[in-house]
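Notes to accompany the following structure.
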Amino acid sequence: MNKIFILIGPTGNLGKDALNFFLNKNYDEYYFISRKPVNHNKGNLILVDDLSNEENVKNAFNKISREKNNYYYLLNTVGGYIGGSTISETSLTDWQRMISLNLTTTFLIAKNFIQLCNSGSGGSFVTISALSGIYPEPNKAPYSISKNGINYLIRLLALENKSNHISFNAIAPYIIDSKENREWVQDKSLLISKENICKLAEDIFNNTVAISGNIFELPYSNN
């Protein structure tokens, strides 16, 4: 069986660390779906401008190898954040942007991933959600609701694809450790390291038969 790894968003905050982490793992072939060029000499780069556009996503997945003995592993790190406003202060533009960037992209990626896996031997899908998509926090409604929608989507995908040998899971960290977040987070124990997120994704990939339909919470640092 050929192990095919697909990383969505390899130039983002989490994606850059995920790129380096998974390039050192035992996969037979790599694909990176990105808006920007990736500085690497291993794998296949697929440039896509807007992943909320269905035709763009379809065209990107059509460039991935389809063989009956392929098993696909996908990590989606694409997403965005808007916060700081109450619901009454939130603009329709910000609302639609979060739904599009977080929920719509995940839906389209998952839809095309299923079709890809059906051409092979199955697959494992992991996407990044957020703890605020489980436990409501004020002043970040568009973001949190879009992430809550991802959680529900993952559970439905798992139910619908039980017999297809495709697993679906999400990782829901609190605050991801980054240069930007370190500037305002006083209690550094609240930060979730990007390495730990990648390790959890790899653990999920290694247990695809047993694990599906889960939202894995990362509420505090376990460094």
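The values are calculated or read from the model by the stated rules, or taken from the named source; none is laboratory data. Since the structure is predicted, the reported quantities are computational estimates derived from the model, not experimental observations. In this analysis, Cβ positions are derived from the backbone assuming ideal geometry, glycine residues included, and neighbour counts consider all displayed protein chains.
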Expected single match for within 21 Å of Leu156 (Cβ to Cβ) and not hydroxyl-bearing (Ser, Thr, Tyr) among Leu7, Leu92, Leu45, Leu103 is Leu103
Restricting region 165-208 to residues that are at pLDDT below 95, of a type in the set (A, V, I, L, M, F, W, C) and out of contact with any Lys or Arg (no Cβ under 9 Å at 6 or more places or on another chain), which is surrounded by the most Cβ atoms within 10 Å (Cβ to Cβ)?
Ile192
Would you please name the residue that is surrounded by the most Cβ atoms within 10 Å (Cβ to Cβ), looking only at residues in region 106-135 that are within 16 Å of Tyr152 (Cα to Cα) and out of contact with any strand residue (DSSP E or B) (no Cβ under 8 Å at 6 or more places or on another chain)?
Leu108
Being of a type in the set (Asp, Glu) and farther than 20 Å from Glu202 by Cα is the filter here; which residues of region 11-59 pass it?
Asp49, Asp50, Glu54, Glu55
Would a scan of region 34-53 turn up a residue that is under 19 Å from Ser167 (Cβ atoms) and either of a type outside the set (Gly, Ala, Ser) or at pLDDT 95 or above (or both)?
no
From Ile82, Ile33, which residue is closer than 23 Å to Lys147 by Cα, surrounded by fewer than 20 Cβ atoms within 10 Å (Cβ to Cβ) and among the aliphatic types (A, V, I, L, M)?
Ile82
Among the listed residues Lys162, Lys140, which satisfies the condition of being within 22 Å of Glu89 (Cβ to Cβ), surrounded by fewer than 24 Cβ atoms within 10 Å (Cβ to Cβ) and not polar (S, T, N, Q)?
Lys140
Scan the strands (runs of 3 or more DSSP E) fully inside region 1-101 and keep the ones with 1 or more residues being without any contact (Cβ under 8 Å) to a residue 24 or more places away in the chain and hydrophobic (A, V, I, L, M, F, W, C).
44-47
Kindly provide the set of residues from region 143-159 that are over 14 Å from Thr127 (Cα atoms) and surrounded by 18 or more Cβ atoms within 10 Å (Cβ to Cβ), ordered by number.
Tyr143, Ser144, Ile145
